[in-house]
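The values are calculated or read from the model by the stated rules, or taken from the named source; none is laboratory data. Since the model is a prediction, treat every value here as computed from it, not as a measurement. Note: ideal-geometry Cβ built from the backbone for every residue, glycine included; neighbour counts use all protein chains shown.
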Amino acid sequence: MTETEVRERVRSLLQKIHPDDPGATAVDFRGVQFDHGLAFASYPEGLGGLGLSPKMQSIVNDELQQNAKTFYENLAINPIGIGMGAPVLLTYGKDEGKREMLRRIFTGEDIWCQLFSEPSAGSDVAGLSSRAVRNGDDWVVNGQKVWTTLAHVSKWGMLVTRTDPDVPKHDGLSYFLLDMESPGVECRPLYQITGEAEFNEVFLNDVRIPHSRMLGEEGQGWRVAITTLMNERSALGGGASRKGGGPVSLLLKLLQESKVSRSKVEQALLEDRITRLYIRAEMLRLTTLRARATQRSGNPGPEGSVGKVAQSELYQQVWETCIDVLGEDGLIYELGYELRRPGDITSLRSGNDDDETRRLQAKYQLLRSQANTIEGGTSEIMRNILGERVLGLPGEPRVDKNIAWKDVPRG
Amino acid sequence: MNFEFSEEHEDLRRTVRQFLENESNETAVREMMAEENGFSREVWARLSEELGLAGLIIEEKHGGAGFGMVELAIVMEEMGRVLLCAPFLSSAVLATSAIELGADASIQADLLPQIASGEKTATLAFSEAGDPWNLGKIEMTAAANGDAFKLSGQKTFVLDGRSANIILVAAKVGSELTLLQVDEDAAGLTRESLPPLDPTRKLATLRFDHTPAKRIASVDVRGALEQSIQRTITALAAEQLGGAQRCLDMAVDYAKSRLQFGRPIGSYQAIKHQCADLLVEVELARSAAYAAAFSADDKGADIAAAMAKSFCSETYAKAAKRNIQIHGGMGFTWEHPAHLYLKRAKASEIIFGSPSLHREKVARSVGISAA
Ligand SMILES: Cc1cc2nc3c(=O)[nH]c(=O)nc-3n(C[C@H](O)[C@H](O)[C@H](O)COP(=O)(O)OP(=O)(O)OC[C@H]3O[C@@H](n4cnc5c(N)ncnc54)[C@H](O)[C@@H]3O)c2cc1C
């Protein structure tokens with residue numbers, strides 16, 4: 001299908017249902033979008049796609065943005081479901097129910113979460129200690145997960161857990177889809193530096209999961225986890241989709257609105273700093289486009305870590321520069337630190353329409369962006385991956401590689 | 001934005017790479033850089049006849065290959081990788097563009113085939129001391145004497161100014177900026193090589209003392225020269241990308257093979273993470289250079305070129321410096337090629353304007369600084 005044909009198909013979708021129509025909810029619209037194969041353009045027909053090259057999805061989004069005021073930003077609706085759940089399901093999911101699950105991810109009816117990190121296993125997630133033991137047709141899981149974003153509103157959790165402690169750590173893991181409404185699943189909020197609790201501790205006490213919900217084979221969980229993580233990193237390094245979009249556009253607006261008095265030299269220094277950030281953001285956007293143009297299909301590889309490192313570190317600098325532009329106004333944090341429990345992560349991530357929202361967003365993001373270089377793999381881990389998996393440099397001597405997981409020291 | 005190279009593009013890259021690996025290996029580079037004119041006429045002839053590179057962007061009707069900026073970027077990237085010593089940037093890019101965009105049709109028909117065949121090399125002398133990259137600051141004025149003109153004064157930082165056969169000079173006639181051609185052996189012309197920071201690209205000062213010159217453009221060439229410089233900058237950014245990638249490759253290869261404390265130095269994170277950082281920078285620079293080339297005919301091409309020049313310059317310098325450090329003492333020796341890349345990187349950062357000069361252009365165009 002050519003670009004023109006894709007654009008035509010989007011327009012015919014919009015004739016059936018239009019996102020600006022007050023009668024059509026996000027779920028309604030996105031459901032029909034899915035049925036038209038315009039949800040995940042590279043997926044097979046019938047599963048929300050048309051079997052096109054991955055870059056066609058940006059054509060779809062572009063056409064949608066050109067023809068409607070309302071645009072449902074994928075990653076804001078169900079970031080983990082769309083960014084990671086869908087590709088993992090596509091690659092490893094069993095046929096029955098797959099279409100319906102993908103559709104509900106896309107519409108946002110089912111929110112997904114990622115149950116990987118544990119108190120003793122973060123960067124070294126393959127060293128995790130939660131355990132699943134086979135019992136008839138079920139597995140019984142015990143353990144604790146931590147930093148689980150959106151677990152409190154999720155229907156499905158992507159769970160990695162240990163099914164065999166007697167083999168080296170990577171070989172004893174299995175991957176499950178956990179129904180978060182199962183008995184024995186308990187979420188507690190974790191209070192973050194922003195004042196929010198978007199992530200959780202999740203306790204698993206004798207939770208039963210049917211064997212049929214295992215993705216991949218028993219003991220092959222690490223492979224599925226890697227697919228998940230690579231998709232996460234490429235989603236987190238996606239860059240702004242439009243030229244001059246993203247946080248840099250907010251920075252430029254704040255600069256134009258700034259009433260802070262600065263000497264000529266201070267102003268020139270600030271302008272150069274901002275210009276560097278602007279150029280870097282543009283290079284990142286182009287790098288994402290380039291990666292998409294060369295990625296034929298399927299799951300992203302370790303190169304996705306280029307975008308993840310570059311974007312997380314760039315955005316931290318952009319938000320920090322926003323605060324510098326605000327001057328003394330940056331002393332005030334209007335949102336306060338009273339515990340807030342957002343049901344989604346859209347509350348303060350977007351909004352660039354008025355100067356009040358912009359100021360609040362900058363202050364919030366100064367704090368929130370500190371997590372960008374931790375979540376989805378820290379910058380140090382990303383640099384290890386780039387060094388070892390992309391450049392082929394030798395790994396560190398490992399003390400945990402060839403011994404049974406149960407014999408590895410932990411702390 | 002389209003970023004896809006076609007099959008033909010990949011073929012071109014392979015052919016050029018293969019040629020350069022034979023003809024511009026390290027030994028050849030060292031030989032050429034020691035020569036005052038800095039290149040081999042014989043290699044230039046082969047590169048023109050066998051690969052058509054001297055006329056790469058010259059139209060077919062003038063004996064060239066008729067390629068555009070994307071092909072030019074590919075070729076420059078490959079040349080940058082091996083530090084080719086040749087008047088490619090001066091003759092095949094800058095002077096060619098100036099003739100193609102600024103000179104009268106009869107002149108084009110005369111000069112371009114000579115350049116394309118490789119028989120002659122050309123350069124454009126426009127820089128004057130003080131504000132060398134600013135066409136608005138050109139003061140040299142051609143004195144008219146009937147149809148003939150005479151030039152007096154000095155042009156500096158002229159690329160391959162000593163060796164070029166066709167010398168183009170940008171000078172004023174009245175309030176207009178025009179192009180003149182000066183013969184190699186014209187009376188009152190002295191060409192003096194400058195001792196270059198980067199021995200792989202030669203620079204000269206050209207002095208004119210009532211030197212006879214022929215006017216070759218009947219209209220004002222300010223716009224044409226700006227356009228020519230923009231092309232040159234776009235090509236240079238691709239060359240910088242090629243050099244930066246080569247520095248990263250050298251660093252990574254060495255980090256894999258050099259052992260200290262019983263293991264490869266690349267297994268230490270202090271080294272590994274520096275390589276990873278360079279990879280990120282080089283990938284961003286690649287986007288910068290390719291975007292400038294792919295969008296060279298679009299609106300906003302000047303800003304894409306400015307971004308590419310500032311970003312690729314800084315990336316190349318970073319990569320060249322890091323590469324020296326990762327090689328330890330070896331990297332500081334004359335014997336090792338690492339220093340040649342540092343010198344090329346710094347020199348190419350300076351010619352046609354520093355990164356901050358280009359950032360200023362971006363800052364004004366997107367409204368960060370007052371227009
Ligand atoms: C906002 C937010 C949301 C998150 N959401 C989720 C989620 O939904 N699901 C989920 O499973 N997890 C989630 N995480 C967890 C995240 O993946 C982990 O925090 C992360 O992988 C780091 O693990 P850690 O916190 O245990 O730190 P550690 O791994 O203990 O790291 C501490 C420090 O040591 C460094 N370090 C560790 N190992 C190495 C090494 N080999 N080389 C060099 N340096 C090293 C790290 O870079 C870091 O600086 C989230 C985290 C945040 C901040």
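There is no residue in segment A:275-287 that is modelled with pLDDT under 95, facing chain B (nearest Cβ under 10 Å) and surrounded by fewer than 18 Cβ atoms within 10 Å (Cβ to Cβ). The set of residues from segment A:173-199 being part of a loop (DSSP other than H, G, I, E, B) and of a type in the set (D, E, K, R) comprises A:181, A:198. For segment A:115-136, taking the residues that are assigned to a loop (DSSP other than H, G, I, E, B) and within 11 Å of the ligand (Cβ to nearest atom), the one that is nearest to the other protein chains (Cβ to nearest Cβ) is identified as A:123. Within segment A:367-386, residues that are within 17 Å of residue A:321 (Cα to Cα) have Cβ atoms under 7 Å from residues that are more than 6 Å from the ligand (Cβ to nearest atom) and of a type in the set (Phe, Trp, Tyr) in these pairs: A:369/A:315; A:369/A:319; A:372/A:315, counting only partners at least 6 apart in sequence or on another chain. Checking the structure you have, find out if any residue of segment A:319-326 is surrounded by 17 or more Cβ atoms within 10 Å (Cβ to Cβ), under 30 Å from residue A:301 (Cβ atoms), within 16 Å of the ligand (Cβ to nearest atom) and modelled with pLDDT of 95 or more. Yes, because at least one residue in segment A:319-326 is surrounded by 17 or more Cβ atoms within 10 Å (Cβ to Cβ), under 30 Å from residue A:301 (Cβ atoms), within 16 Å of the ligand (Cβ to nearest atom) and modelled with pLDDT of 95 or more.
Every residue, every condition in (1) in a helix (DSSP H, G or I); (2) under 20 Å from residue A:293 (Cα atoms); (3) touching a Lys or Arg at 6+ places or on another chain (Cβ under 6 Å), yes or no:
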position: A:42; (1), (2), (3): no, yes, no
position: A:71; (1), (2), (3): no, no, no
position: A:80; (1), (2), (3): yes, no, no
position: A:86; (1), (2), (3): yes, no, no
position: A:113; (1), (2), (3): no, no, no
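With the condition kept exactly as written, say whether any residue in segment A:253-268 is surrounded by 18 or more Cβ atoms within 10 Å (Cβ to Cβ), of a type outside the set (Phe, Trp, Tyr), in contact (Cβ under 8 Å) with a residue 60 or more places away in the chain and in a loop (DSSP other than H, G, I, E, B). Taking every residue of segment A:253-268 in turn, none turns out to be surrounded by 18 or more Cβ atoms within 10 Å (Cβ to Cβ), of a type outside the set (Phe, Trp, Tyr), in contact (Cβ under 8 Å) with a residue 60 or more places away in the chain and in a loop (DSSP other than H, G, I, E, B).
Just to be sure before I move on: is residue B:80 small (Gly, Ala, Ser) and not in a helix (DSSP H, G or I) in the structure I sent? Answer is no for this residue.
Matching residues to (1) free of Cβ contacts under 8 Å to residues at least 24 places away in the same chain; (2) under 12 Å from residue A:116 (Cα atoms); (3) within 15 Å of the ligand (Cβ to nearest atom); (4) within 22 Å of the chain's Cα centre (by Cα):
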{"site": "A:143", "(1), (2), (3), (4)": "no, yes, yes, no"}
{"site": "A:150", "(1), (2), (3), (4)": "no, no, yes, yes"}
{"site": "A:163", "(1), (2), (3), (4)": "no, no, no, no"}
{"site": "A:167", "(1), (2), (3), (4)": "no, no, no, no"}
{"site": "A:176", "(1), (2), (3), (4)": "no, yes, yes, yes"}
{"site": "A:179", "(1), (2), (3), (4)": "no, no, no, yes"}
{"site": "A:183", "(1), (2), (3), (4)": "no, no, no, no"}
{"site": "A:187", "(1), (2), (3), (4)": "no, no, yes, yes"}
{"site": "A:201", "(1), (2), (3), (4)": "no, yes, yes, yes"}
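Check whether at least one residue in segment B:148-166 is at pLDDT below 95 and of a type outside the set (S, T, N, Q), and report yes or no. Yes, because at least one residue in segment B:148-166 is at pLDDT below 95 and of a type outside the set (S, T, N, Q). If I filter segment A:395-411 for residues that are within 25 Å of the chain's Cα centre (by Cα), basic (Lys, Arg) and either within 12 Å of the ligand (Cβ to nearest atom) or not assigned by TED's automatic domain parsing to the domain that holds residue A:192 (or both), do I get at least one hit? No: segment A:395-411 contains no residue that is within 25 Å of the chain's Cα centre (by Cα), basic (Lys, Arg) and either within 12 Å of the ligand (Cβ to nearest atom) or not assigned by TED's automatic domain parsing to the domain that holds residue A:192 (or both).
In this entry, residue A:228 is excluded by the filter for residues that are surrounded by 20 or more Cβ atoms within 10 Å (Cβ to Cβ), part of a loop (DSSP other than H, G, I, E, B) and within 16 Å of the ligand (Cβ to nearest atom).
Residue-by-condition table, conditions (1) out of contact with any His (no Cβ under 6 Å at 6 or more places or on another chain); (2) more than 27 Å from residue A:178 (Cα to Cα); (3) charged (D, E, K, R):
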| position | (1), (2), (3) |
| --- | --- |
| A:16 | yes, yes, yes |
| A:44 | yes, no, no |
| A:47 | yes, no, no |
| A:57 | yes, yes, no |
| A:76 | yes, no, no |
| A:85 | yes, no, no |
| A:98 | yes, no, yes |
| A:110 | yes, no, yes |
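The criterion of at least 3 residues that are more than 12 Å from chain A (Cβ to nearest Cβ) is met, among helices (runs of 4 or more DSSP H) falling completely within segment B:219-338, by B:222-257, B:301-326. Under the condition of being within 14 Å of chain B (Cβ to nearest Cβ) and either among the hydroxyl-bearing types (Ser, Thr, Tyr) or buried (at least 19 other Cβ atoms within 10 Å of the Cβ) (or both), the residues counted in segment A:367-387 number 11. Residue-level check: of (1) within 12 Å of chain A (Cβ to nearest Cβ); (2) among the small types (Gly, Ala, Ser); (3) assigned to a loop (DSSP other than H, G, I, E, B), residue B:371 misses just (1).
Looking across segment A:61-77, not a single residue is without any contact (Cβ under 8 Å) to a residue 40 or more places away in the chain and either in contact with a strand residue (DSSP E or B) (Cβ under 6 Å, 6 or more places away or on another chain) or over 17 Å from residue A:38 (Cα atoms) (or both). Only one entry in A:156, A:139 is aromatic (Phe, Trp, Tyr) and either more than 15 Å from the ligand (Cβ to nearest atom) or farther than 20 Å from residue A:376 by Cα (or both), namely A:139. The single condition among (1) touching a helix residue (DSSP H, G or I) at 6+ places or on another chain (Cβ under 7 Å); (2) surrounded by 22 or more Cβ atoms within 10 Å (Cβ to Cβ); (3) not basic (Lys, Arg) that residue B:180 does not meet is (1).
For segment A:369-394, which positions are more than 12 Å from the ligand (Cβ to nearest atom) and part of a loop (DSSP other than H, G, I, E, B)? A:391, A:392, A:393, A:394 - these are the residues of segment A:369-394 that are more than 12 Å from the ligand (Cβ to nearest atom) and part of a loop (DSSP other than H, G, I, E, B).
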